[in-house]
Amino acid sequence: ANYRKEIIGPLVDAVTKGSCKTIVGLRGVGLGPLVRFLHYHPAIKEKYLDNDDSYLFLFINIDELVNSEQKTLLREFLRELKTHLLEHEIPEENYVKTEFLRGIETEDEQELILRIKNLLEVATSNDLKIIYLLQEFDEIAKDNSPLLNILYGLYFNYRPNLVFIFGIHKLPNRLRSGQETRFDYIFHNVSILKPFTYDELHNISTLSRQT
């Protein structure tokens, strides 16, 4: 449970304080395994969160979605949120299921966002901390997508109960040149990922198979 502690320790500390975090790593240095470890492995809660079950780590790999449309990603946001809320056995189970179905079935993006907000209200009322792990976020970040505005709004409405961890391979040019927008506030807390050693990759692979 000590591997990548130089990254994972400060990262978990940041999200417990309600701060978003961006992990930047070149392809091949182990960014994907690290993000998946944060999502799947119980060592995170055991070592860093004192087994606090109120922290829910939700994982979305942008590259694995069926397409890159904004509504597709928002539906996945809603699906992940619904799944983790129901796994937590919150008392509003029927409400969560109903809001999920309404969000999945609608073609109206604003209504879909409303359903996400309604489920975030449920999470907040149950004092749950929702941590979205968004892997392969480069294209959305680079293009200054309208989705950044949506994420920015959700974060500021629901923090500290909502936090984003972004996995990207390169900071957007506008950030490196000092031309960021107000929505880029959620990217400012950056950790640079160095390559995994062979032993670290082997440990992650072994531990992942045990979970």
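The values are calculated or read from the model by the stated rules, or taken from the named source; none is laboratory data. What you see is a predicted model, and the numbers here were worked out from it, not measured in a lab. Every residue, glycine among them, receives a Cβ derived from its backbone with ideal geometry; neighbour counts consider all protein chains shown. Remember, those area values only see protein heavy atoms, side chains included, never the ligands or the DNA or RNA. Shrake-Rupley method; radii C 1.70, N 1.55, O 1.52, S 1.80 Å.
Quick notes
- Membrane-span-like helices in the chain, defined purely by DSSP H runs whose alpha carbon atoms cover 27 Å or more axially and whose average Kyte-Doolittle hydropathy reaches -1.0, do not occur.
- Here the simple spin-label model places points 7 Å from the Cα toward Cβ, and for Glu105 and Arg27 these points are separated by 4.1 nm.
- With the highest mean first, a sort of the peptides 60-69, 127-136 on other beta-carbon atoms found within 10 angstrom per residue produces 127-136, 60-69.
- Per residue, the chain exposes an accessible area of 50 Å² to a 1.4 Å probe, with every protein chain left in place.
- As an equivalent ellipsoid, the stretch 6-165 spans semi-axes of 24, 21, 14 angstrom, where each value is the square root of five times an eigenvalue of the C-alpha gyration tensor, largest first.
- Amide H contacts of Tyr55 (H built 1.01 Å from N, under 5 Å, at least 5 apart or other chain): Lys129
- Considering helices alone, the calculated mean residue ellipticity of the chain at 222 nm is -15000 deg cm²/dmol, with DSSP H runs of length four and up weighted by -39500 (n - 2.57) and normalised per residue.
- Accessible-area composition of the chain, carbon plus sulfur, in percent [1.4 Å probe]: 47 percent
- Cα gyration tensor shape for the stretch 45-99, rounded if a/c is under 1.5, else prolate or oblate: oblate
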